[in-house]
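Reviewing the structure listed below.
Rule-based calculations on the coordinates, nothing more; no lab input. Keep in mind the model is a prediction, meaning the values are calculated, not measured. When we count neighbours, we look across all protein chains shown, and the Cβ atoms used for this are built from the backbone with ideal geometry, even at glycine.
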Amino acid sequence: NAGVTQTPKFQVLKTGQSMTLQCAQDMNHEYMSWYRQDPGMGLRLIHYSVGAGITDQGEVPNGYNVSRSTTEDFPLRLLSAAPSQTSVYFCASSLNPTPKYGYTFGSGTRLTVV
Amino acid sequence: GESVGLHLPTLSVQEGDNSIINCAYSNSASDYFIWYKQESGKGPQFIIDIRSNMDKRQGQRVTVLLNKTVKHLSLQIAATQPGDSAVYFCAENTGGGADGLTFGKGTHLIIQP
C-alpha cells in the first residue's frame, strides 16, 4: 500500500515551459486535492476533486489545470511556468470530502522556475 | 493563523518538557480542526483532530484544546522528545470539507537536549 505517490520529487523549469505534476493514490479515496507551500506560509489549496470527472478551484487556481479521469490519478498541469510558481507542491487524498480522518499527503514535488 | 509575515514562529523547548503550540483560526463557521506535523522534506502528517462541538480531545501524548469564543486552538505535546522536532500546522474546515482545509502558517518546534 503506497498511499499517495507524487512524481517527480524535484523539477527545474524555465519560464514559459509547461509540465505535469503527477499524483496517484491506491487507497480508493474519492477526494483529492493539490496544495502549494511557500516559505514561511501554510499550505494553500490550488484545485480539488470530489470524484472522477469532477474538479473545482481552490484558493489559488490561476496558472494551473487539473483533470480527474480516474479515481486513482489527479495530475496538476502548469500551462506556462512563471517564477511565482516556484514552490513545493503537495497532493492529498481523503476517503470523502469531509476530512473526518484528515488528509493523507504525498511527500511533495519541489518545483523551481527560473 | 499563528503568525503574520514571512517567518515561522519558533518554539524551543527542553527535551522532556511539555510543549504548547497555539493557533488562532479565522472562520467562526469552521466546524472541524486538524493539527498536522511536517518534518523536513516530507508532507504533512495527521496528528489529531477536533470537531467544533468539543472543547478538548486527547491522543497519545497530545491534547488539542478548542476555545470557540476567542477562535483559538492549541496543541499540547507531553514529555517532548527529539522526534517531535518539526513544523506544526493547524488547519480548519468550514462545513462539508469539499473546498479543502485552510492552513495556518505553522510553528517550528525545536527540541533542546
Approximate spin-label separation residue A:17-residue A:38, in nm, with each point projected 7 Å along Cα-to-Cβ: 2.2
Report the extension gain between residue B:74 and residue B:112 in nm, rounded to one decimal, defined as 0.36 nm multiplied by the number of residues separating them, less their alpha carbon distance. 11.6 nm
Going Cα to Cα from residue B:71, which aspartates and glutamates come in below 14 Å? Please leave out same-chain ones fewer than 8 positions away. B:2, B:31, B:55, B:92
Do you know the relative contact order of chain B, to the nearest whole percent, from alpha carbon pairs under 8 angstrom that are 6+ apart? 38
Roughly what would the spin-label model give for residue A:5 and residue B:58, points 7 Å off Cα along C-beta, in nm? 4.1
Rg (Å, one decimal) plus Dmax (Å, integer) for the alpha carbons of the stretch A:42-114? 12.6, 39
Checked against a 26 Å limit on the C-alpha separation, the offending pairs among B:56/B:105; B:68/B:105; A:14/B:37; B:42/B:68 are A:14/B:37; B:42/B:68
So how compact is the stretch A:1-102: Cα radius of gyration and Dmax in angstrom? 13.2, 40
Mean per-residue count of partner chain Cβ within 10 Å for B:33-43 equals 4
Other residues with Cβ under 15 Å from the Cβ of residue B:55 give, with Lys and Arg +1 and Asp and Glu -1, a net charge of +3
Three-way shape label, the protein assembly as shown, alpha-carbon gyration tensor, a/c 1.5: prolate
Over chain A, what is the relative contact order in percent, taking alpha-carbon pairs closer than 8 angstrom and at least six residues apart? 36
Bins of 5 Å, beginning at zero and ending with the bin holding the largest distance: percent of Cα pairs per bin for the stretch B:27-87, please. 4, 17, 28, 21, 17, 10, 4, 0
Taking only the alpha-carbon positions of chain B as identical scatterers, the Debye log10 I(q)/I(0) at q = 0.19, 0.21 Å⁻¹ comes out as -0.97, -1.17
Filter the chymotrypsin sites (Phe, Trp or Tyr not before Pro) in the stretch A:1-110 down to the DSSP loop ones having no more than 12 other Cβ atoms within 10 Å, then list what survives. A:101
